[in-house]
1. Listed residues Phe51, Phe71; which is under 20 Å from Thr150 (Cα atoms), out of contact with any His (no Cβ under 9 Å at 6 or more places or on another chain) and open to solvent by 70 Å² or more (accessible area, probe 1.4 Å)?
2. In the range 42-86, which residue that is of a type in the set (S, T, N, Q) and in a helix (DSSP H, G or I) is nearest to Ala112 (Cα to Cα)?
3. In this structure, does Ala83 turn out to be modelled with pLDDT of 80 or more, within 22 Å of Val109 (Cβ to Cβ), more than 29 Å from the chain's Cα centre (by Cα) and open to solvent by 50 Å² or more (accessible area, probe 1.4 Å)?
4. Could you tell me which residue of the range 120-155 is nearest to Ser59 (Cα to Cα), considering only residues that are open to solvent by 70 Å² or more (accessible area, probe 1.4 Å) and assigned to a helix (DSSP H, G or I)?
5. Considering only residues that are modelled with pLDDT under 85 and either part of a loop (DSSP other than H, G, I, E, B) or aromatic (Phe, Trp, Tyr) (or both), which ones fall in the range 87-111?
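The values are calculated or read from the model by the stated rules, or taken from the named source; none is laboratory data. These numbers were taken from a predicted model, which means no experiment stands behind them. Every residue, glycine as well, gets a Cβ built from its backbone with ideal geometry; the counts of neighbours run over all protein chains shown. These area figures cover heavy atoms from the full protein model, side chains too; ligands, DNA and RNA do not enter into them. Shrake-Rupley method; radii C 1.70, N 1.55, O 1.52, S 1.80 Å.
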Amino acid sequence: MSTNGPMPPHPQQTGQPMYEQYGQQPGFDYGTEPGTPVGPVEAVKRYYGKFIHFTGRASRSEYWWVALYMFLVYMAVLVIGIASLPTGGSEGNDTMAAAFGLLIWLIAVAHALPTIALTVRRLHDAGFSGWTYLINLIPGVGSLIILVFTLMPSSPAGIRFDRR
């Protein structure tokens, strides 16, 4: 136990804006304040609005709302693709399957950079460098490690990744 007395209250408990505690200036978009949850619509807006921004932070809710959104996009394309396949053994099956495979590939390619940028911002919020994303290159366990890092709570150390 510390002999320096009780810890000061968290800024959100006192009503003090988070940027003041961390020495930031009001009026500048520093990204998501640590631990500030966002709704699904705001998360998707930020996802497309900051698709090439690798600075700043993304809260857990922002990251996971976008993950749910992308899952639903892929599922919708998959369900439509399966439902539109003709029944029976015709040559049209191969052409339709190839078309929907191409559509899913195009969606994945179009969303690759925004997803990497969002993950880097999420890593920043958890207090990790964006270069930590390269752990994904480790076969087998890299993606699981990044998954664990994206589940971690916001860290005040993430302030160092905000633009000043």
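1. Working: Phe51 fails: out of contact with any His (no Cβ under 9 Å at 6 or more places or on another chain).
So the residue among Phe51, Phe71 that is under 20 Å from Thr150 (Cα atoms), out of contact with any His (no Cβ under 9 Å at 6 or more places or on another chain) and open to solvent by 70 Å² or more (accessible area, probe 1.4 Å) is Phe71.
2. First pass over the range 42-86, keeping only residues of a type in the set (S, T, N, Q): 55, 59, 61, 84.
From the residues that got through so far, the ones that are in a helix (DSSP H, G or I) too are 61, 84.
On the way: Ser61: 20, Ser84: 27 Å.
My answer is Ser61.
3. Numbers: modelled with pLDDT of 80 or more: yes; within 22 Å of Val109 (Cβ to Cβ): no; more than 29 Å from the chain's Cα centre (by Cα): yes; open to solvent by 50 Å² or more (accessible area, probe 1.4 Å): yes.
Here the answer is no, as Ala83 does not meet what is asked.
4. Filtering first and then ranking leaves Leu151.
5. Thr87, Gly88, Gly89, Ser90, Glu91, Phe100
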